[in-house]
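Undergrad: I have a structure I would like to understand better, so I am pasting it below and will then ask my questions one at a time.
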Amino acid sequence: MRNRKVARIFATDWFRNLIINKMRRDIFQAIADPTRRSILALIALQAMTPNAIAENFNTTRQAVSKHLKILTECELVKQEQQGREIYYSLEIEKMKEIDVWINQFRKIWEIQFNQLDKVLSTLKK
């Protein structure tokens, strides 16, 4: 009986962690955090180690590692082992998903700005 309870607790925790990890894999939730956006901007220029990334922030190495873990889960960054070091770099293909989503709004903004230009030009006349 005790083994069943332990197994159930373990399975429940495993399932809960699985759901939480799946929820974290949303790229928009990942880029909502300003620190993660800054990390993305840093590694867009060149691949960096976690220590090199952490030097650019007023935070601990562990906090940067947590941000990198979320970005990796979301597949916005990729890891590459070079000797004893792990280098993080930007995953361009995943960033294109963000661009596609934003592009639909860009079209709406352009239409609205064009309409505003027309109104302003008629007001000037």
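Derivation of every value follows stated rules applied to the coordinates shown; laboratory data play no part. Since this is a predicted model, take the numbers as computed values, not measurements. Quick reminder, even Gly has a Cβ in these numbers, built from the backbone with ideal geometry, and neighbours come from all protein chains shown.
Undergrad: Out of 102, 72, 39, whose Cα points farthest toward the positive end of the dipole of the stretch 20-125 (charges: +1 Lys, Arg; -1 Asp, Glu; placed on Cβ)?
TA: 102
Undergrad: Quote the FRET efficiency, to the nearest 0.05, computed for residue 79 versus residue 28 with a Förster distance R0 of 22 Å and r equal to the Cβ-Cβ distance. If you can, show how the numbers build up before the last one.
TA: Working: r = 22 Å, r/R0 = 0.99.
Between residue 79 and residue 28 the formula returns 0.50.
Undergrad: Set the Förster radius R0 to 22 Å, insert the Cβ-Cβ distance between residue 59 and residue 92 as r into 1/(1 + (r/R0)^6), and round the FRET efficiency to 0.05.
TA: Rounded to the nearest 0.05, the efficiency is 0.25.
Undergrad: Can you tell me which aspartates and glutamates have their Cα less than 13 Å from the Cα of residue 118? Leave out same-chain residues fewer than eight positions away.
TA: Straight-distance partners of residue 118: 110.
Undergrad: So, one more: Which order do the peptides 51-58, 96-103 take when ranked by the mean count of other beta-carbon atoms within 10 Å per residue, highest first?
TA: Working: 51-58: 13.8, 96-103: 10.9.
Highest mean packing first, the order is 51-58, 96-103.
Undergrad: Please work out how much length the chain gains when fully extended from residue 107 to residue 72, using 0.36 nm per residue of separation minus the C-alpha to C-alpha distance, in nm with one decimal.
TA: Once the chain is fully extended between residue 107 and residue 72, it gains 9.6 nm.
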